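I have placed the structure first, in the form of structure tokens, so that the comments after it can refer back to it.
The values are calculated or read from the model by the stated rules, or taken from the named source; none is laboratory data. Keep in mind the model is a prediction, meaning the values are calculated, not measured. Positions of Cβ are backbone-derived with ideal geometry, glycine not excepted, and every protein chain shown enters the neighbour counts. Areas reflect the complete protein model, heavy atoms only, side chains present, ligands, DNA and RNA absent. Shrake-Rupley method; radii C 1.70, N 1.55, O 1.52, S 1.80 Å.
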Amino acid sequence: YASWTGSETVQKSADDTWKTTAFTGFEYQGETDLDTRGDFDYWMVSAGVNSSGMVSDNTKIALKADYRAVGYDFSGIRGGVDPWETVHVIRLNPLITYHINDTWSVMGGPIGEFTGEEQAEFGDSLRGGGLIGFGYTRPKLFIAAGVLAMTEIEKDARIQPFVLVNWRIVDDLV
């Protein structure tokens with residue numbers, strides 16, 4: 001398994017209230033055995049952008065967009081059928097964070113996503129949902145927890161809890 005994320009670029013406005021970051025990445029997983037059912041490997045390229053800024057003393061808006069292309073190669077599968085070829089994912093995720101005080105915040109926002117193979121019908125590949133959660137901030141530590149819900153058209157919703165920990169153990173560690 002190998003993974004790489006390119007340099008993050010940061011652009012700040014003159015008054016330092018709006019920040020934009022961008023990323024690129026590549027990931028590869030070598031041949032993986034599926035017990036007696038064959039094996040597979042995959043690769044992924046990704047890119048995205050995140051722009052955020054304070055719109056009031058307590059409210060921050062973040063506009064996030066990313067794209068991923070994931071290529072799968074299956075071999076030795078019964079019937080010789082590859083379950084997937086290249087899957088494309090485009091995600092848009094605006095997020096609003098309201099800072100209750102210097103320690104606590106609440107966040108939420110919608111999520112729109114297209115996930116499908118190259119030949120997939122557009123309508124069959126749309127997903128939507130949202131997330132809601134809270135954050136706890138201390139010097140060098142941020143912890144967030146919440147719930148993410150996503151659904152496809154005419155399908156049951158999938159609900160997933162999440163926890164995020166961002167701890168700057170030492171200042172020089174990025």
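Values computed for the structure shown
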item: So Ile143, is it within 16 Å of His99 (Cβ to Cβ) and among the hydrophobic types (A, V, I, L, M, F, W, C); result: yes
item: Flag for Ile90 being among the hydrophobic types (A, V, I, L, M, F, W, C) and open to solvent by 60 Å² or more (accessible area, probe 1.4 Å); result: yes
item: The range 19-31 residues that are β-branched (Val, Ile, Thr), paired with ones that are open to solvent by less than 80 Å² (accessible area, probe 1.4 Å) and outside any strand (DSSP E or B) (beta carbon under 7 Å, 6 or more apart); result: Thr24/Gly6
item: Single match in Ile132, Ile169, Ile153 (criterion: closer than 25 Å to Ala62 by Cα and not acidic (Asp, Glu)); result: Ile132
item: In the range 66-79, residue nearest to Pro110 (Cα to Cα) [restricted to those that are open to solvent by 30 Å² or more (accessible area, probe 1.4 Å) and in a strand (DSSP E or B)]; result: Asp66
item: Gly109 vs. criteria in a strand (DSSP E or B), within 18 Å of Lys60 (Cβ to Cβ) and open to solvent by less than 50 Å² (accessible area, probe 1.4 Å); result: yes
item: All positions within the range 23-64 that are under 24 Å from His99 (Cβ atoms) and in a strand (DSSP E or B); result: Val49, Asn50, Ser51, Ser52, Gly53, Met54, Thr59, Lys60, Ile61, Ala62, Leu63, Lys64
item: Contacts under 7 angstrom Cβ, first residue in the range 130-146 being closer than 13 Å to Val163 by Cα, partner hydroxyl-bearing (Ser, Thr, Tyr), 6 or more apart; result: Phe134/Ser105; Gly135/Ser105; Tyr136/Thr103; Ile143/Tyr136
item: Qualifying positions in the range 34-57 - polar (S, T, N, Q) and open to solvent by less than 60 Å² (accessible area, probe 1.4 Å); result: Ser46, Asn50, Ser51, Ser52, Ser56
